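Taking it in order: structure first as structure tokens, then the write-up.
The values are calculated or read from the model by the stated rules, or taken from the named source; none is laboratory data. Remember, it's a predicted structure, so these values are computed and weren't measured experimentally. Cβ: placed from backbone, ideal geometry, glycine included. Neighbour counts: every protein chain shown.
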């Protein structure tokens, strides 16, 4: 079996194109498994995984937990919201607890960029980044690219626009890396205050006009507006945001081609996209959710393969 | 106490012996002989080595000795020991201790603590009481004790306070030191806006936050005709602004942190907290402009901005880690490995140019004069380890690395210190 070139999954930046393809192939197999009557394999019976969520999450946490259980791993969950713990203390304390609990793998979501890298330097367990602040969210980017591949047959050569709050988005950065490594063209689109000034240095196109961006693309990934990550005001109201950058059915239908619509969830219905767009044939939002489990099974399985087991 | 320095090249620009290789005999801190060859007496300590240099003692304009208030990170003794090992004979200490150094009593405490050390400690006085940015501290009282630089360190000084402080010191002298950073723009930022912020997701501290305040303070300087020093400039635009202000004849000086000369924003991509500094590490074009600014005289000084941090401030997520690192002991070795200017010019900056900003007198290397000097070489290798680190803190990007260029001894105030 193919091995990953990395010992942890902290970001897409560290992965090679071959790593991503290996993950996709493995996910293909697991996607079959989770569509069988018995949706479970015994591969990781001897592996213990800790899910550490220092930030609220419903979907990602569920998706990881499901992936772990379908691989037959033992799972422990730890959740602590940022406000209830003193800055800095929890991570290092938790790290020491993990060391004593002999956990093999850690899946962590954390509000601070670089937290996953920090963890890899402190513990022996395998680390999977389930989102670190405004830095990366690698499994989301993998499942997004996987879903594009599933829908359009290939990622290479496709034009993908990422719309919304790019500056506060870990999904955007991971998506840019993943799509570029797979040969897609990437554009970011959103209000000028929510697009990093130097994002063009990453080799992406930049647009501040939604219609123009949609006319250019094959796939539109509509990001969730992250109001909770904005410490200062970047736009006046959600109402104004949706007037300028919201995708509705009229706009979608007025395009001269059928584009694919994605959303990492959870959707602010009526803000990024309207309900009729979310529920339309062009949206693959629920496929993304299903693929999320397969992709996470693949990542966990491939990293667990590197653990020495008797 | 007799010391003989053998075959040392004199790099003191105002000495008659400049550029010559000599033996220098020192008795009780004073130079008694400078000759081609001097034979040592029995009770003389001999300093010798291959390709030694001697220059006027080096001056650091900004270090944090955390004393009083945070002595577990650094104190006056450990900070000055690290400074001596780094070749400095004068160090300026920031006022952002607890309590804040904003009055004569605190100044006197610092002088007492440092009285017998070979390195001369120069406290920087706070501009405003308790660094609150509200009312002026007793600047004249502190000036009378010997303080020449006034600064609220990295805290904000609003335009009104800056204006009044610049005018007020004209009654007696000294220089206002301002760290240019408009907080309404930089906010909670911690890395350069550009590659670092885009690739790490860390909050950005754009260089315009620096340049907009430089423009503001240069306007205040033109209005008051006072004396102003900018602490830690980091961007190419800042160098241009100050170059033009100097051409217009304003009494403005500035310094650059050694971090911004050695490193660039790429160093931050792995979230190493030793590179979390203020101002942030910027792009290569900025680093080029900073070296060019040193070369053409726009930038007057290179400072260590030595900021000890304990593990409580470094062993955590990047967002929560403190700003700064320690540099005093490794300053020269790391600087010459990256230096883009001639050694003689670099030494002139570390010694005479920086002295001029701080108003520190100096007698040239000549017979009969007291010796205030640094003896060093540029080729010896040494290993910087947690064990030989003299600072109480270990937050250096160079821990466990081999460095090139070594300090052999420092002389000042009638004392000398041999660096092992």
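Here are the numbers:
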item	result
Extreme residue, farthest from residue A:307 (Cα to Cα), among residues of region A:149-160 that are in contact with a helix residue (DSSP H, G or I) (Cβ under 8 Å, 6 or more places away or on another chain) and in contact (Cβ under 8 Å) with a residue 60 or more places away in the chain	A:159
Only one of B:123, B:95 that is surrounded by 23 or more Cβ atoms within 10 Å (Cβ to Cβ), over 19 Å from residue B:257 (Cβ atoms) and within 20 Å of the chain's Cα centre (by Cα)	B:123
Qualifying residues in region A:71-115 (those that are surrounded by 15 or more Cβ atoms within 10 Å (Cβ to Cβ), part of a strand (DSSP E or B) and at pLDDT 90 or above) - the one farthest from the other protein chains (Cβ to nearest Cβ)	A:74
Test for residue B:346: is it part of a helix (DSSP H, G or I) and either within 17 Å of the chain's Cα centre (by Cα) or within 14 Å of chain A (Cβ to nearest Cβ) (or both)	yes
Filter result for residue A:151 (within 26 Å of residue A:64 (Cα to Cα), at pLDDT 95 or above, more than 10 Å from chain B (Cβ to nearest Cβ) and over 15 Å from the mean Cα position of the chain (by Cα))	yes
Residue match in region A:122-132 (condition: farther than 17 Å from residue A:264 by Cβ, within 14 Å of another protein chain (Cβ to nearest Cβ) and assigned to a helix (DSSP H, G or I))	yes
Per-region count, region A:167-182, residues at the interface with chain B (Cβ under 10 Å from one of its Cβ atoms) and out of contact with any helix residue (DSSP H, G or I) (no Cβ under 7 Å at 6 or more places or on another chain)	4
Search result, residues across region A:31-69 that are part of a helix (DSSP H, G or I) and out of contact with any strand residue (DSSP E or B) (no Cβ under 7 Å at 6 or more places or on another chain)	A:31, A:32, A:33, A:34, A:59, A:62, A:63, A:66, A:67
Given (1) closer than 25 Å to residue B:271 by Cα; (2) touching a helix residue (DSSP H, G or I) at 6+ places or on another chain (Cβ under 7 Å); (3) surrounded by 23 or more Cβ atoms within 10 Å (Cβ to Cβ), index of the condition residue B:239 fails	(1)
Residue satisfying all of: in region A:183-201; surrounded by fewer than 17 Cβ atoms within 10 Å (Cβ to Cβ) and under 21 Å from residue B:191 (Cα atoms); farthest from the other protein chains (Cβ to nearest Cβ) among these	A:192
Candidates B:370, B:409, B:358, filtered to the one that is touching a residue at least 24 places away in the same chain (Cβ under 8 Å) and farther than 26 Å from residue B:149 by Cβ	B:409
For residue A:63: the one exception among (1) within 20 Å of the chain's Cα centre (by Cα); (2) surrounded by fewer than 17 Cβ atoms within 10 Å (Cβ to Cβ)	(2)
Residue match in region B:135-142 (condition: modelled with pLDDT of 95 or more, under 20 Å from residue B:183 (Cβ atoms) and surrounded by fewer than 23 Cβ atoms within 10 Å (Cβ to Cβ))	yes
Of all residues making up region B:215-230, the number that are part of a helix (DSSP H, G or I) and either surrounded by 15 or more Cβ atoms within 10 Å (Cβ to Cβ) or touching a residue at least 24 places away in the same chain (Cβ under 8 Å) (or both)	9
Selected residue (only one of A:164, A:114, A:190, A:203 is in contact with a helix residue (DSSP H, G or I) (Cβ under 7 Å, 6 or more places away or on another chain) and assigned by TED's automatic domain parsing to the domain that holds residue A:27)	A:114
Filter result (part of a loop (DSSP other than H, G, I, E, B) and in contact with a strand residue (DSSP E or B) (Cβ under 6 Å, 6 or more places away or on another chain)) within region A:165-189	A:166, A:184
Residue within region A:223-233 that is crowded, with 21+ Cβ neighbours inside 10 Å and in contact with a strand residue (DSSP E or B) (Cβ under 7 Å, 6 or more places away or on another chain) present	yes
When residues of region B:304-318 are limited to those that are surrounded by fewer than 22 Cβ atoms within 10 Å (Cβ to Cβ) and in contact with a helix residue (DSSP H, G or I) (Cβ under 7 Å, 6 or more places away or on another chain), the one nearest to the other protein chains (Cβ to nearest Cβ)	B:316
Restricting region A:205-218 to residues that are part of a loop (DSSP other than H, G, I, E, B) and surrounded by fewer than 21 Cβ atoms within 10 Å (Cβ to Cβ), the residue that is nearest to the other protein chains (Cβ to nearest Cβ)	A:208
Filter result (outside any strand (DSSP E or B) and over 27 Å from the mean Cα position of the chain (by Cα)) within region B:18-35	B:20, B:28
Helices (runs of 4 or more DSSP H) wholly inside region B:88-197 containing at least 3 residues that are more than 14 Å from chain A (Cβ to nearest Cβ)	B:104-114, B:139-144, B:159-168
Condition met for residue B:272 (touching a helix residue (DSSP H, G or I) at 6+ places or on another chain (Cβ under 9 Å) and surrounded by fewer than 23 Cβ atoms within 10 Å (Cβ to Cβ))	yes
Conditions (1) out of contact with any strand residue (DSSP E or B) (no Cβ under 8 Å at 6 or more places or on another chain); (2) in a helix (DSSP H, G or I): number failed by residue B:238	(1)
